[in-house]
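First comes the structure, then the notes that go with it.
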Amino acid sequence: MKAIYLITPTTKSVDGLINDFVSKSSSKYKAAYVYFTDFCDDKLFNRMKSSCSKAIRRCKEININFFPYESQVFTLDVPNAFYHCYSPIVENTNDTVMEQIAEQIVTLCATLEENPGVRYKSKPLDNASKLAQLVEKKLENYYKMDERGQVKGKTHSQLLIIDRGFDPVSTVLHELTFQAMAYDLLPIENDTYKQFMYKTESASGKEREAILEEDDDLWVKIRHKHIADVLEEIPKLMKEVSSKRKATEGKLSLSNLAQLMKKMPYFRKQITKQVVHLNIAEDCMNKFKSNVEKLCKVEQDLALGTDAEGQRVRDSMQVLLPVLLNKNHDSYDKIRAILLYIFSTNGTTQETLDKLIQKVQIENDSDMIKNWKYLGVPILTTSTSQQCKSSRRDRSSEETYQLSRWTPVIKDVMEDTIENKLDTKEWPYCSQCPAPWNGSGAVRQVIFARHKPKTSHSDDRKSGSKLIVFVIGGITYSEMRCAYEVSQAYKSCEVIIGSTHIITPRRLLDDIKALTIAKSKDTVYFKNE
């Protein structure tokens, strides 16, 4: 029997392969077809070659060392990299983690067949700069040694690398779009919601699993919609399916009955999906009405600095206090509100911070607030922190719900990049700028040009430019949504967003608290192990 090995290029993996072919008499398999998920360095390759080359029929690097989470979202699946990138305790492992992340990003670019211009957000930390330089160097090396033996020039794509601290507000705000809201408020693990009750006329009170995945057309259609729109749309869809079934029934002729029997599984599947998502939406609304609704108004006012009528918030502390005094809000929600207050004022005084911590009695969790400083986010007021706030795009004319007025900063960045409006001092290139992005307006000409008849948006994007955004330390579901919204608005530019992992507010706060707790080295995967 022959075997296919799909392995990471690590010492452990190669040793496992070698052990399967120690000798001809004790070999587990007749032959091996080896596929590495990433670049295999010469030392490891030569070790494998000298030990079991006769058994290997094929050896190839296929560059898939990343996880395509959604059609426009990827992760590297290294959540513990957050600790190694931002913890003040870590000394030497940061460089190792950065090397690994850079190699994984290069495998993404190779899969997309892109050699993007690489740029990064400068300040307040140097993680983005360091990673950008590594990625650029590895891209250069990769395209010097591709299968065709040709040096590939820069393609019509751009890669932005950003530190997680660039937009702290979007990480703690309560979002009311369906996907972000569900993952924040409900116990969803591994994209599976196990708690909802499956309710139909024939079965009630049954506990089922709902898997939220890309193959679910209804989920893809509604996941980025506001919860109010979802609750309105699903019942309409259920009525639509029901009416189609009745129309199919028609007169009870043999041909109609045969047609109905063929379509019954389809109707049943559609109704089941709709009931699943309706139950999830209702569970979200139950959480919303019990506590979250009151929080949302306060959070939006603090995040934007204005109320729903557009009036400037004059005293942020007065806005915050009702949340802190409400006994129905748990400590996580109060911490999120305190953080939004601090972010809105670009830091607070030590005295005020101490009083807030004592007021809410969160002494044991105070590092969830204090440790944001390691992400470059000002927690205590300094002379420089008052100058940190950057201007936002004017969205006053956009229609939105009063409790969903905040727009993630990353959407501004995506739009400014496509329109060639990013400040090159704040967002420097560490490589040659691809022609369409060099300020000549070429990207805009492609974007705003009239599309040829009979050409789909997906075809336009294949021939157009790509914008790849990578955030060190996690992305939120609301930021993932922005990639789709911007791609839809700028038809010829596809936006792809990715990170080390995907975060929810609670998980991020737990990770931030843990930054000052000593951890062992093996809590993150290292390629050379």
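Annotations for the structure displayed:
- Residue satisfying condition, being without any contact (Cβ under 8 Å) to a residue 24 or more places away in the chain and open to solvent by 30 Å² or more (accessible area, probe 1.4 Å), within set Glu103, Glu99, Glu113, Glu91: Glu91
- Asp41 passes every criterion in (1) in contact with a strand residue (DSSP E or B) (Cβ under 7 Å, 6 or more places away or on another chain); (2) under 17 Å from Gln104 (Cβ atoms) apart from (1).
- Just one of (1) of a type outside the set (A, V, I, L, M); (2) in a helix (DSSP H, G or I); (3) modelled with pLDDT under 90 fails for Phe39. It is (2).
- Residue list for region 65-75, restricted to those being within 30 Å of Lys2 (Cβ to Cβ) and open to solvent by 70 Å² or more (accessible area, probe 1.4 Å): Phe67, Pro68
- Restricting region 267-278 to residues that are modelled with pLDDT of 80 or more and within 25 Å of the chain's Cα centre (by Cα), the residue that is surrounded by the most Cβ atoms within 10 Å (Cβ to Cβ): His277
- Criterion applied to Ile64, Ile18 was being within 28 Å of Ala483 (Cβ to Cβ) and touching a Ser or Thr at 6+ places or on another chain (Cβ under 6 Å), and the one residue passing it is Ile64.
- Members of region 1-21 found to be under 31 Å from the mean Cα position of the chain (by Cα) and touching a residue at least 12 places away in the same chain (Cβ under 8 Å), listed by number: Tyr5, Leu6, Ile7, Thr8, Pro9, Thr10, Thr11, Lys12
- Some residue of region 357-378 being more than 27 Å from Gly473 (Cβ to Cβ), open to solvent by less than 40 Å² (accessible area, probe 1.4 Å) and part of a helix (DSSP H, G or I): no
- Within region 387-417, the residues that satisfy the criterion of being out of contact with any helix residue (DSSP H, G or I) (no Cβ under 7 Å at 6 or more places or on another chain), part of a helix (DSSP H, G or I) and among the charged types (D, E, K, R) are Asp412, Asp416.
- Filtering region 302-326 to residues that are within 25 Å of the chain's Cα centre (by Cα) and open to solvent by less than 50 Å² (accessible area, probe 1.4 Å) leaves Leu302, Ala303.
- Within region 327-344, one or more residues are at negative phi, of a type in the set (Ser, Thr, Tyr) and either open to solvent by less than 40 Å² (accessible area, probe 1.4 Å) or touching a Gly at 6+ places or on another chain (Cβ under 6 Å) (or both).
- Total residues in region 6-32, condition over 18 Å from Gln100 (Cα atoms), open to solvent by 10 Å² or more (accessible area, probe 1.4 Å) and touching a Phe, Trp or Tyr at 6+ places or on another chain (Cβ under 7 Å): 3
- Subset of region 165-189 [closer than 13 Å to Leu212 by Cα and part of a loop (DSSP other than H, G, I, E, B)]: Leu186, Pro187
- Per the listing Gln318, Gln311, Gln361, Gln402, the residue uniquely of a type in the set (S, T, N, Q), more than 30 Å from Ser122 (Cβ to Cβ) and in contact (Cβ under 8 Å) with a residue 40 or more places away in the chain is Gln402.
- Considering each residue of region 55-64 in turn, none proves to be open to solvent by less than 10 Å² (accessible area, probe 1.4 Å) and either touching a Pro at 6+ places or on another chain (Cβ under 8 Å) or not in a loop (DSSP other than H, G, I, E, B) (or both).
- Boolean, Leu134 is of a type in the set (A, V, I, L, M, F, W, C), out of contact with any His (no Cβ under 9 Å at 6 or more places or on another chain) and crowded, with 21+ Cβ neighbours inside 10 Å: yes
- Pairs where the first residue, in region 210-223, is open to solvent by 20 Å² or more (accessible area, probe 1.4 Å) and the second is modelled with pLDDT of 90 or more and of a type in the set (Asp, Glu), C-beta under 7 Å, 6+ apart: Ile211/Asp191; Glu213/Asp191; Glu214/Glu70; Val220/Glu214
- Within region 147-185, tally of residues that are among the charged types (D, E, K, R) and either at pLDDT 95 or above or closer than 25 Å to Leu125 by Cα (or both): 5
- Residues that are of a type outside the set (Phe, Trp, Tyr) and buried (at least 21 other Cβ atoms within 10 Å of the Cβ) within region 76-86 comprise Leu76, Ala81, His84, Cys85, listed in sequence order.
The values are calculated or read from the model by the stated rules, or taken from the named source; none is laboratory data. Just so it is clear, the model here is predicted, and its values are computed rather than measured. When we count neighbours, we look across all protein chains shown, and the Cβ atoms used for this are built from the backbone with ideal geometry, even at glycine. Note: areas computed on protein heavy atoms with side chains; ligands, DNA, RNA excluded. Shrake-Rupley method; radii C 1.70, N 1.55, O 1.52, S 1.80 Å.
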